[in-house]
Amino acid sequence: MTTEFINPSLREPITRDSILDNASALLAEKGLTGFRLKDLAKRLNVTIPNLYRYFQDREAIIRATYVRAQGRDAAFLCAVLNATADSITADSNFTETISSFWPALLQQAAQEQRVVRFRAVATIYDGEFSQENPGSINEVHLATTRLFRQAQVHGLIDSSLNPEALSLCIRSMVLGMVLRDFGNNINVSDDELNIIIGRFYKSVLAT
């Protein structure tokens, strides 16, 4: 086995964030199966052992990359949900408002990346990689609950329903999308999911 020589004078200091930034770019370019530490080290102009100063192995880098991305996605989604809650009025078309969030959820990364995201999110609850998670699933839940509560205030959805329970239903739907991608024998299209989701939202609208 040969080790590629890198002139120390050409190396720039690396950080955990710079590793994750470059790992994210590589994953977007090559996908999960094509992600190699050799390529990552080359992008950073370091040797592979330098990466091990910050992460245990290849899988740890991938997990941390996706957990950080999930956190940023959560923070962005919270901001959008809260802005929507603040702008909603009695004249708003709530079905169109809420359905606008689904394309972003349905058009996640490729199947393998979606699976890795799901596994990475699970590690958050063990306190692992918390520094890469500026947003949180619970914050998204609170923001979604607030949106539903505001919709109730303006008479857009059934006032007898618990807004927090509606938010939990959304989280279950998202989980279902992820779980669908675990099994090759599950043949459910995005269009079929959208039909069911659309019917769900119509069922909670105020009459």
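The values are calculated or read from the model by the stated rules, or taken from the named source; none is laboratory data. It should be emphasised that the depicted structure is a prediction, and the values quoted were computed from it without experimental measurement. Glycine also receives a Cβ, built like all others from the backbone with ideal geometry; neighbour counts cover every protein chain displayed.
Numbers at a glance
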{"item": "Condition check for Arg171: among the charged types (D, E, K, R), more than 22 Å from Leu32 (Cβ to Cβ) and either at pLDDT below 85 or not in a helix (DSSP H, G or I) (or both)", "result": "yes"}
{"item": "Enumerated helices (runs of 4 or more DSSP H) restricted to the range 5-108, each holding at least 1 residues that are modelled with pLDDT under 80", "result": "58-87, 94-99, 102-106"}
{"item": "Any hit, the range 67-77, residues being surrounded by fewer than 19 Cβ atoms within 10 Å (Cβ to Cβ), under 17 Å from Ser18 (Cβ atoms), free of Cβ contacts under 8 Å to residues at least 60 places away in the same chain and out of contact with any helix residue (DSSP H, G or I) (no Cβ under 8 Å at 6 or more places or on another chain)", "result": "no"}
{"item": "Qualifying residue in the range 110-126 (condition: within 22 Å of the chain's Cα centre (by Cα), at pLDDT below 75 and aromatic (Phe, Trp, Tyr))", "result": "yes"}
{"item": "Qualifying residue in the range 148-165 (condition: among the acidic types (Asp, Glu), at pLDDT below 85 and assigned to a helix (DSSP H, G or I))", "result": "no"}
{"item": "Any hit, the range 34-51, residues being within 25 Å of the chain's Cα centre (by Cα), within 21 Å of Asp73 (Cβ to Cβ) and of a type outside the set (Asp, Glu)", "result": "yes"}
